[in-house]
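Colleague: Dumping the structure here so I can ask a few things about it.
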C-alpha cells in the first residue's frame, strides 16, 4: 500500500473521529432509500461576514455576473443532459463504450475515477470552497438570509468525501423572483467552470513556460501492451521500460519515435534500445493498415528534470513546482467535471433546482413539481447506470 492510500485511510478515520466527537452537533440526512448512504452536516457561521462584505462591495457587477451564470447554467444543463443520454445509449449498444460518470475517489478501485490523495483533498477543498462561497455571495447580494455554513461529509457507512455548504433560508428563497433564485443556484457551478478556465490561463501563461525550463524529454515510456500476438511483448520487453533509440537513431521525443516507425515496413527487423536492454524485433502488420509496421505497445512521452536546474535550485525545488503543476491539472479536470455534473437536471443538484424554477414559470406548481420529479428520477437512473457499468466492465 502506497503513501497516497495510507494517507486517504488516515483521513477517513479522522473524519469518522470528528463525527463521533461532534455527534451532538451533526445533522445526518439519509440519501434516497439507501440506509448506509448519508450526508452529514456540521453547521457553523464561518465565512458569512466575508460574503456580506464582498456582496456589498461588488453589488452592481454581481447582478450581471448572476445573470450570465444563469445563461451558462442552462447551457451546461443541455450539455450534461446530452452527454448522459448519449453515454447511457452507447453503454448498451457499443461493447467498448466507457462510462461517463463515476465516483471520484483517492483509491485505485474498479469503477472509480482515481485521483491521488493529496491532489484529491486539495482539489475537493478548493472546489467546495469556491462553489459554496459563490452561492452565498449571490444570496447576500440579494439580501437573502444565510442560516449557516459549515463542513459536510458524504458517507457510505463511513465518511468518504468531504464537502462544504452554505445554507440560505429555503422559505425565503422560494418567495424571491425567479431571476434571483436562478442566480443563486447557478452561481456555484458557474464559479467552478470559471475557475477551470482560469486554471487553463494560468497553465498557459505561467506553468507551461516554467515546465519547459525544468523538464526535458527522455525517451518514450511503454505503458502497456496491446492484446494479441505482437512483437514488442514477444521480444520480452517489460512494461515501464523507456525506449531510447531505434536502429541507433535517438527517440527522445514521442514524435521521433513515431517518425522512425513510419518509415518501417512489416517484416523489417529493428534494433530497439531501452533503458534496460537492447532487443531485436521483427515488426508486424498494423491491424488497421497492413502496409504499416506495428510494435503493439501503448506509449507516452517520458521526461526528466534537467540536471542544470537541479544544480542551480536543488533537487526539492523542481519536485515542489511539478507537484503544483499537477494540482493545476486536477483543478481543471475536477472543477469542469463537477461544475457540469452539478447542472444535471435532477434532485437537489443545482441544475435540478434551476429546472424546477424554470418549469414553474410556464406550468402550474403541481404540474411543474410532477414533471420535475419524473425528469429527476430519469436522470438519476442514467447516472446510476453509468456508475454501475463502470464497476462491472
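The values are calculated or read from the model by the stated rules, or taken from the named source; none is laboratory data. Here the structure is a predicted model, which is why all the values come from computation and not from measurement. So basically every Cβ, Gly included, is an ideal-geometry build from the backbone, and we count neighbours across all protein chains shown.
Colleague: Between 11, 71, 54, which is surrounded by 11 or more Cβ atoms within 10 Å (Cβ to Cβ), assigned to a helix (DSSP H, G or I), without any contact (Cβ under 8 Å) to a residue 24 or more places away in the chain and assigned by TED's automatic domain parsing to the domain that holds residue 121?
Modeller: On the way: 11 fails: without any contact (Cβ under 8 Å) to a residue 24 or more places away in the chain; 54 fails: without any contact (Cβ under 8 Å) to a residue 24 or more places away in the chain.
The conditions single out 71.
Colleague: Separate question: For residue 292, work out the one condition from (1) without any contact (Cβ under 8 Å) to a residue 40 or more places away in the chain; (2) within 30 Å of residue 206 (Cβ to Cβ); (3) surrounded by 15 or more Cβ atoms within 10 Å (Cβ to Cβ) it doesn't fulfil.
Modeller: It is condition (2) that residue 292 fails.
Colleague: Right, another one. Please work out which one of (1) in a helix (DSSP H, G or I); (2) in contact (Cβ under 8 Å) with a residue 60 or more places away in the chain; (3) buried (at least 17 other Cβ atoms within 10 Å of the Cβ) is the condition residue 375 fails and give its number.
Modeller: If we test residue 375 against (1) in a helix (DSSP H, G or I); (2) in contact (Cβ under 8 Å) with a residue 60 or more places away in the chain; (3) buried (at least 17 other Cβ atoms within 10 Å of the Cβ), just (2) comes out false.
Colleague: Here is a follow-up. Specify which of the listed residues (128, 122) is part of a helix (DSSP H, G or I) and buried (at least 20 other Cβ atoms within 10 Å of the Cβ).
Modeller: 128
Colleague: For the range 231-247, which residues satisfy the criterion of being in contact (Cβ under 8 Å) with a residue 24 or more places away in the chain, assigned to a loop (DSSP other than H, G, I, E, B) and surrounded by fewer than 19 Cβ atoms within 10 Å (Cβ to Cβ)?
Modeller: 235, 236, 238, 247
Colleague: Could you count how many residues in the range 248-265 are part of a loop (DSSP other than H, G, I, E, B) and either under 37 Å from the mean Cα position of the chain (by Cα) or at pLDDT 95 or above (or both)?
Modeller: Selection size over the range 248-265: 3.
Colleague: Can you report the number of residues in the range 182-211 which are out of contact with any helix residue (DSSP H, G or I) (no Cβ under 7 Å at 6 or more places or on another chain) and over 10 Å from residue 339 (Cα atoms)?
Modeller: Residues in the range 182-211 being out of contact with any helix residue (DSSP H, G or I) (no Cβ under 7 Å at 6 or more places or on another chain) and over 10 Å from residue 339 (Cα atoms): 8 in total.
Colleague: Among the helices (runs of 4 or more DSSP H) lying completely within the range 153-216, list those that include at least 3 residues that are closer than 21 Å to residue 134 by Cα and modelled with pLDDT of 95 or more.
Modeller: Once the helices (runs of 4 or more DSSP H) in the range 153-216 are filtered for at least 3 residues that are closer than 21 Å to residue 134 by Cα and modelled with pLDDT of 95 or more, what remains is 178-202.
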